[in-house]
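I have placed the structure first, in the form of structure tokens, so that the comments after it can refer back to it.
The values are calculated or read from the model by the stated rules, or taken from the named source; none is laboratory data. Nothing here was measured: the structure is a model prediction, and the numbers come from that model. Please note: Cβ atoms are built from the backbone with ideal geometry, for glycine as well, and neighbour counts cover all protein chains shown.
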Amino acid sequence: MVTSLLDANPSRRRIKPEFQDTQHGDIIDKLSSKEENDLGEIGGDAMNVDTQSDVEMMDVDPQAESDGIEEKKKRSQRRAAERNAALIMIKSVVCISIFLQSTNEKCNYLQSVLGFFYHSTSVPEKVIETLAHAGLSVGLSSIHKGIKALSREAEKKIKASVRTLQTAFAYDNFDISFKTAAPTVEKDTHFVSATSATAVPLYDVVNSSSLRCSEELWNKDPRNPSKLVIPVKFDISILRDLHKERSVLNNHLKINAWHVRDILLNQAVGFKHFVQENGQPATINQIPLHRTSQIPCRAMKIKESTADGNIEVVENLFRQGGIGEPEDQKFLDGIDVDMTEFVILIHGDLLTKERLESVQDSRRIEATPKRRFQFPIFIPGLFHFKMAAADAIWRTWVQPSEARTDPNSLFEHVGILRPKETGKFVSKPGFRRMHDVIHHDIWAAMLDCWRLEAMARNSAWKSLEDFAKAKPNWELIVDMSEAIVRKYVATLPTISKERKKATEDRDQIFENQIIRNRDELLYLELSHAMNAGDIGRVEATFLPWIYMFRATGKHKYSTHMLQFMFNLRHVYSADLAQLIRMNWLCNPTGKPHKFRGVDWMVERNNLYTKVIYGGSGSNRTIDRIVEESVLIELFRECHVTVENGFHLMHRTIRHAPANMVKTLRKLSERIEANSPHVFTRGRAADYIVPDQVAAGIAEIQTTGKFFTKGDGVDEAAEIDEEDLGVD
């Protein structure tokens, strides 16, 4: 009856007869889907996005173009029909819900969900009151009472998880400026530094006793003042071990050849039918596909930028989680859990690690494990590591002014890829811009290598279009990809050999290009391995990055990553090391190729806490942000429910991948004109780019220093909202 009333006017019917038989059961399934769309689309794999790009359209047989247009039209009509059927059902449910609430005020499920949705989106109170009177929301007082009740429930959930002693913590600072329109003596614009945190239940805890090792690790710790213990100290053997592991686990030729093929199949025309053949790189230590759960903790009005601030943060998190030592004043006997014998995994950025180590250095003579801070095992955030890798490439290829004048320099390519942002790349381009430029530059470079290799195999293949028309088999493509890696991707021996030649026998532009190919392919491998959740492949990239960090002035990243790799191999037990590896990345969506660094999840929580759900106007206060910070996951689930239930479009904050077809074609033409991949004897470059991997090795060998706590300060990375959308 309600459906017929809502759609009684024939002129308002937009569903064509052939689509009126749309099954309502299908619509219900779609509307009730709990699939996470808003979060899942933040930072997906750009290489695997299911969109019809110009490359895909160009890959279609021209004779089938008219059929494709007709199919696209039918698909559009079918979607419109499904949408209109869904809207009719939505209106029916809303009307029935209003009728039910009018009869019984306890029948308010829809109104409660919408009320929390309005509150989380900072809808003005006057609007909420209007909607409540119309039967589309609960009242303001009910919303506020519900927020407080849910906040208390969230606190219980935190304690239930943390008290298992199988939950990791991750925290980071966030800064908010509260501006006042008319500053006064009593109320002025002020800046607040606070800390957000989340509890992450550990995945794949095969042996729970592996976490009960606080005393064992303390006896290995060089900070232990006892003369009865023999600490495990860092030595040069870790570098030898890493070199051996890298040579065994990560085949330089095979992994780079896979990326070279992947670029051809996804960025060139006529090769997409080989995508299934290419598959994925061989795994080394794959994290099983699962959905990572998190329990946001209450934000703290604590400045985390000092050692004392970190002590307060950790103490606060332990109180929220209901764990501690029986000697603590606030420890509740019979309720709280004694964590004295256990270690706690803590994720964070480099500065957090340094502050925690400072606390451990100053408290090493304390009497109890908790007061000594011997419990934390710090896990460096891979999202920040990836940002540091992009910055190392910028410092190598863009920052030196001499490196920008060469016609084939990365900066010249930026002028094609982002012509209006060249000024930003000179100073601080930001992570997202640098990430995209690295990908697009290596795509164009590898396509040029494919063109040259095709011409070398058959003079009739003068372009990739000619090569595609020749219908090459898969074995030929694999063989060519490996040949490209051998010819056009630098290794330490090959580049050393080239640069030892006399100047008239060298091609400096060719040398620069093959080094850049190596660096950018290394970055592609790091990104892909992280997204795939293969922590073994991620670790296999660490050694060259450690050397590059050392050579580019990012000494602290080099030092701390080397120390952590040493601990995984020589300090932690095998079970504990594997547990750390299985929880080094998270997967908030549970989908393939959606793994992220745990520190990425914390940064996303910061975005939710202070921007999306932080209130507006007079409601935007630090007290409200702290009070509701434990509810950000509930608010997000509420948003997903409303978005699915009301068939809302444009539900993601992530932009669709840019159409790079014409831009890559233009960049490829520039590369072809400069011929950086064609060895030309005696050709000189304006700037000889150093091989930073070799430079890092040389610096360590000449100085004999591995730990350089005071000789290089890395600036804290600034993270923008758009950085969270990086794949």
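Descriptive notes on the structure:
- Looking across the range 73-92, the residues that are under 15 Å from residue 648 (Cβ atoms) and in contact with a helix residue (DSSP H, G or I) (Cβ under 8 Å, 6 or more places away or on another chain) come down to 82, 86, 89, 90, 91.
- Taking the range 362-382 as the range and being under 32 Å from the mean Cα position of the chain (by Cα) and part of a helix (DSSP H, G or I) as the test, only 382 passes.
- Candidate set from the range 329-349 (those that are more than 24 Å from the chain's Cα centre (by Cα) and assigned to a strand (DSSP E or B)); member that is surrounded by the fewest Cβ atoms within 10 Å (Cβ to Cβ): 338
- Only residues that are modelled with pLDDT under 75 and in a helix (DSSP H, G or I) were counted across the range 243-257, and they come to 7.
- Residue list for the range 484-527, restricted to those being among the small types (Gly, Ala, Ser), farther than 20 Å from residue 697 by Cα and touching a helix residue (DSSP H, G or I) at 6+ places or on another chain (Cβ under 8 Å): 527
- Set 56, 82, 65: member being at pLDDT 80 or above, in a helix (DSSP H, G or I) and not hydrophobic (A, V, I, L, M, F, W, C): 82
- Residue check, residue 176 surrounded by 20 or more Cβ atoms within 10 Å (Cβ to Cβ), out of contact with any Pro (no Cβ under 8 Å at 6 or more places or on another chain), among the aliphatic types (A, V, I, L, M) and at pLDDT below 95: no
- Cross-chain or 6+ apart pairs with Cβ under 6 Å, the range 675-693 first and over 28 Å from residue 546 (Cα atoms), then of a type in the set (Phe, Trp, Tyr): 679/510
- Among residues of the range 476-492 that are closer than 21 Å to residue 548 by Cα and in contact (Cβ under 8 Å) with a residue 24 or more places away in the chain, those with a beta-carbon under 9 Å from a residue that is of a type outside the set (S, T, N, Q) and part of a loop (DSSP other than H, G, I, E, B) at least six positions away or on a different chain give the pairs 488/677; 490/691; 492/691.
- In the range 220-242, the residues that are more than 36 Å from the chain's Cα centre (by Cα) and at pLDDT 90 or above: 224, 225
- Restricting 281, 326 to residues that are crowded, with 20+ Cβ neighbours inside 10 Å and part of a loop (DSSP other than H, G, I, E, B) narrows the list to 281.
- Test: residue in the range 127-145 that is farther than 30 Å from residue 598 by Cα, exposed (fewer than 11 other Cβ atoms within 10 Å of the Cβ) and of a type outside the set (Gly, Ala, Ser): yes
- Search result, residues across the range 264-308 that are polar (S, T, N, Q) and either in contact with a strand residue (DSSP E or B) (Cβ under 6 Å, 6 or more places away or on another chain) or more than 20 Å from residue 352 (Cα to Cα) (or both): 266, 267, 276, 278, 280, 283, 285, 286, 292, 293, 294
- Output for the range 284-315, where each listed residue is crowded, with 18+ Cβ neighbours inside 10 Å and among the acidic types (Asp, Glu): 304
- From the list 152, 163, the one residue that fits, being under 25 Å from residue 199 (Cβ atoms) and surrounded by 12 or more Cβ atoms within 10 Å (Cβ to Cβ), is 163.
- Just one of the listed residues (352, 396) is modelled with pLDDT under 95, polar (S, T, N, Q) and outside any loop (DSSP other than H, G, I, E, B), and it is 352.
- All positions within the range 497-514 that are in a helix (DSSP H, G or I) and more than 35 Å from the chain's Cα centre (by Cα): 497, 498, 499, 503, 504, 505, 508
- Pair list, Cβ < 6 Å and 6+ apart or interchain, from the range 386-400 residues that are over 24 Å from residue 537 (Cα atoms) and of a type in the set (Phe, Trp, Tyr) to residues that are part of a helix (DSSP H, G or I) and modelled with pLDDT of 95 or more: 397/410
- Output for the range 679-727, where each listed residue is outside any loop (DSSP other than H, G, I, E, B), at pLDDT 80 or above, more than 32 Å from the chain's Cα centre (by Cα) and β-branched (Val, Ile, Thr): 702
- Hits in the range 429-451 (condition: of a type in the set (D, E, K, R) and under 20 Å from the mean Cα position of the chain (by Cα)): 432, 433, 436
- Matching entry among 492, 452, 521 (being crowded, with 20+ Cβ neighbours inside 10 Å and either in contact with a Leu (Cβ under 7 Å, 6 or more places away or on another chain) or aliphatic (A, V, I, L, M) (or both)): 521
- Residue, farthest from residue 151 (Cα to Cα), within the range 85-127, restricted to residues that are within 39 Å of the chain's Cα centre (by Cα) and assigned to a loop (DSSP other than H, G, I, E, B): 124
- Within the range 361-381, being surrounded by fewer than 21 Cβ atoms within 10 Å (Cβ to Cβ) and of a type in the set (S, T, N, Q) holds for 362, 368.
- A count restricted to the range 580-602 and to residues that are assigned to a helix (DSSP H, G or I) and in contact with a helix residue (DSSP H, G or I) (Cβ under 6 Å, 6 or more places away or on another chain) stands at 3.
- For beta carbons closer than 8 Å, sequence separation of 6+ or different chains, a first residue in the range 137-164 that is over 22 Å from residue 295 (Cβ atoms) and a second that is charged (D, E, K, R) and surrounded by fewer than 19 Cβ atoms within 10 Å (Cβ to Cβ), the qualifying pairs are 139/129; 140/125; 140/129.
- For beta carbons closer than 7 Å, sequence separation of 6+ or different chains, a first residue in the range 344-363 that is under 16 Å from residue 559 (Cα atoms) and a second that is of a type in the set (A, V, I, L, M) and assigned to a helix (DSSP H, G or I), the qualifying pairs are 355/307; 358/307.
- Of all residues in the range 577-628 being among the hydrophobic types (A, V, I, L, M, F, W, C) and modelled with pLDDT under 85, the one that is surrounded by the most Cβ atoms within 10 Å (Cβ to Cβ): 612
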